[in-house]
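Here is the structure we will look at, set down as C-alpha cells.
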Amino acid sequence: MDPLTYSLCHKPVIGLMLFAASACGFAPLFQDLPLALRQTGAVMSTAFDAPVAKPYTLKLQFRFPTAAASLADEVVGSRHDAACARPYATISLAQRDGLGRPIPIHVLVRENETGKVALEQVFDTLCITSRGGAGFTKTRIVARFPLAAGSYTIALRSLEDQPGLDDVETTVSLVSGDRK
C-alpha cells in the first residue's frame, strides 16, 4: 500500500468505498520467518520496507505438531487478561496459571540508508493473544512500535533458553496491526 492510498483509506466516505473494494488491505512487512527460541542467542535478521509511517506489530507464532501438544503447552499459555500487561514478577502465583512463561527478546531495528538505530529494546512477551489458523497455532505479540516510511533491517535475538518447545515451529511476522 502506498502513502496516498493509506491516507485515503482513513477518509470517511472514500475510505469506506476503498475498504469495501478491499483496497485497504495491508500486507505483512515480513511473515513467518523462523526464530529458534529453544536456545539462548538464536538470531533472526531480515530487511523490509515500511511503506507508510505508522505503528507496526511484531508477532511470534508457535505451530504445535498436534492438538494435544497445543493443549499441554506451558510456554505460550492459554489465556490473556489484565495480568498480561503487568511485569511478570508482580503477578501472584495464583494469577500466573495459564499465562505461559515470559520470553525476553532483544529487538534492534536500523534504517538501511543511514544505519541509524530506529529501535533497540528488550521486550518480555507474555500471554497468548490468539490461536487458530494453519495447524495448531498460538500467537503472542512481542511489541508494537512506530516506524517512519523507509527501508529497515530488523534483528531479533532470543535471550533465554525456552525448554518445552521441542517439535514446535516458532516464527515471527511484522504486520500493520489493522486493516486500514
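Any read-out appearing in this document is the output of simple, stated calculations on the displayed coordinates, not a laboratory observation. These numbers come from a predicted model, not from an experiment. Counting neighbours? That spans all protein chains shown, and the Cβs are built from the backbone with ideal geometry, glycine included.
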Loop-resident GluC sites (Glu not before Pro) in segment 105-150 with no more than 13 other Cβ atoms inside 10 Å, DSSP not H/G/I/E/B, are Glu113
Once Ala149 and Arg96 are pulled to full extension, the length gained, defined as 0.36 nm per residue separation minus their Cα-Cα distance, is 15.2 nm
Residues other than Gly135 with Cβ under 15 Å of its Cβ, Lys/Arg counted +1 and Asp/Glu -1, net out at -1
